[in-house]
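Undergrad: Let me give you the structure first, and then I'll get to my questions.
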Amino acid sequence: MKRKKEGVPDFIDKEYEILNYLSSEYVPKVCEKTEDYILMEYLKGYDFKEALRLNRKTSLLLGLKLSYFLDKKRVYHSQLGRYYHLIVSKDFKNIKALDFERAKVDTTQKNLLQIVGYYMRDFYPFLKEEIKIYKSDIDSGYERIVKKIMLVDD
């Protein structure tokens with residue numbers, strides 16, 4: 001449950017609108033909304049920091065998949081570098097992003113770059129060309145990034 005915050009106008013409405021717009025396996029489902037709160041599904045799983053510790057490669061691929069989805073939908077989360085905004089399911093098959101109150105519709109693709117920048121710094125030299133491609137051709141760049149990560153040993 002997220003409650004209305006003092007001094008933050010339209011916080012509940014903004015989060016609700018973005019969650020409804022994104023409505024997918026990558027965001028929590030909204031169960032109820034009032035002007036004072038949003039009630040969302042409870043997510044069981046690991047925050048991204050713990051998920052990376054337990055299964056790095058799979059978690060990174062899930063993070064890339066989520067960020068690619070957000071980039072395709074043109075929603076810039078802006079806080080994916082905070083590991084607690086990402087929840088990975090216990091079976092490592094799904095990931096969801098939380099806290100969209102600061103998110104905004106944006107024409108640039110920055111979510112995937114956040115994942116790479118915060119969690120994959122050691123991969124950056126290895127992915128430099130693919131990231132460059134992603135900036136100009138999101139689909140081709142994403143496919144190339146995933147293929148390269150798949151080549152990395154756990």
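The values are calculated or read from the model by the stated rules, or taken from the named source; none is laboratory data. Keep in mind that what you see is a predicted model, and the values were worked out from it rather than measured. Cβ atoms come from the backbone with ideal geometry, glycine included; neighbour counts cover every protein chain shown.
Undergrad: Kindly provide the set of residues from the stretch 1-21 that are of a type in the set (A, V, I, L, M, F, W, C) and surrounded by 15 or more Cβ atoms within 10 Å (Cβ to Cβ), ordered by number. First the steps, then the outcome.
TA: First, the residues of the stretch 1-21 that are of a type in the set (A, V, I, L, M, F, W, C): 1, 8, 11-12, 18-19.
Those that are of a type in the set (A, V, I, L, M, F, W, C) and surrounded by 15 or more Cβ atoms within 10 Å (Cβ to Cβ): 11, 12, 18, 19.
Undergrad: Going by the structure shown, is residue 114 closer than 28 Å to residue 11 by Cβ, in contact (Cβ under 8 Å) with a residue 12 or more places away in the chain and not in a loop (DSSP other than H, G, I, E, B)? First the steps, then the outcome.
TA: Numbers: closer than 28 Å to residue 11 by Cβ: yes; in contact (Cβ under 8 Å) with a residue 12 or more places away in the chain: yes; not in a loop (DSSP other than H, G, I, E, B): yes.
Considered against the rule, which asks whether it is closer than 28 Å to residue 11 by Cβ, in contact (Cβ under 8 Å) with a residue 12 or more places away in the chain and not in a loop (DSSP other than H, G, I, E, B), residue 114 comes out as yes.
Undergrad: Another question, if that's okay. Looking at (1) more than 29 Å from residue 147 (Cβ to Cβ); (2) out of contact with any Phe, Trp or Tyr (no Cβ under 8 Å at 6 or more places or on another chain); (3) among the hydroxyl-bearing types (Ser, Thr, Tyr), find the lone condition where residue 46 falls short.
TA: Only one criterion in (1) more than 29 Å from residue 147 (Cβ to Cβ); (2) out of contact with any Phe, Trp or Tyr (no Cβ under 8 Å at 6 or more places or on another chain); (3) among the hydroxyl-bearing types (Ser, Thr, Tyr) is unmet by residue 46, namely (1).
Undergrad: Which one is surrounded by the fewest Cβ atoms within 10 Å (Cβ to Cβ) among residues in the stretch 22-37 that are in contact with a helix residue (DSSP H, G or I) (Cβ under 9 Å, 6 or more places away or on another chain) and farther than 15 Å from residue 96 by Cβ?
TA: Only one residue tops the list, namely 35.
Undergrad: Right, next: Quick check on this structure: which one of 91, 10, 36 is among the acidic types (Asp, Glu), out of contact with any Lys or Arg (no Cβ under 7 Å at 6 or more places or on another chain), modelled with pLDDT under 95 and more than 25 Å from residue 135 (Cα to Cα)?
TA: On the way: 91 fails: modelled with pLDDT under 95; 36 fails: out of contact with any Lys or Arg (no Cβ under 7 Å at 6 or more places or on another chain).
Among 91, 10, 36, only 10 is among the acidic types (Asp, Glu), out of contact with any Lys or Arg (no Cβ under 7 Å at 6 or more places or on another chain), modelled with pLDDT under 95 and more than 25 Å from residue 135 (Cα to Cα).
Undergrad: Something else: From the set of residues in the stretch 79-111 that are polar (S, T, N, Q) and either touching a residue at least 40 places away in the same chain (Cβ under 8 Å) or in a helix (DSSP H, G or I) (or both), which is surrounded by the most Cβ atoms within 10 Å (Cβ to Cβ)? Before the answer, list the steps.
TA: The first filter runs over the stretch 79-111 and keeps only residues polar (S, T, N, Q), leaving 79, 89, 94, 107-109, 111.
In the following step, the residues that additionally are either touching a residue at least 40 places away in the same chain (Cβ under 8 Å) or in a helix (DSSP H, G or I) (or both) were identified as 89, 94, 111.
Values: 89: 16, 94: 16, 111: 27.
It comes out as 111.
Undergrad: Same structure again: Please verify whether residue 46 is touching a residue at least 12 places away in the same chain (Cβ under 8 Å) and surrounded by 14 or more Cβ atoms within 10 Å (Cβ to Cβ), treating the condition exactly as stated. Before the answer, list the steps.
TA: Numbers: touching a residue at least 12 places away in the same chain (Cβ under 8 Å): yes; surrounded by 14 or more Cβ atoms within 10 Å (Cβ to Cβ): yes.
In short, yes.
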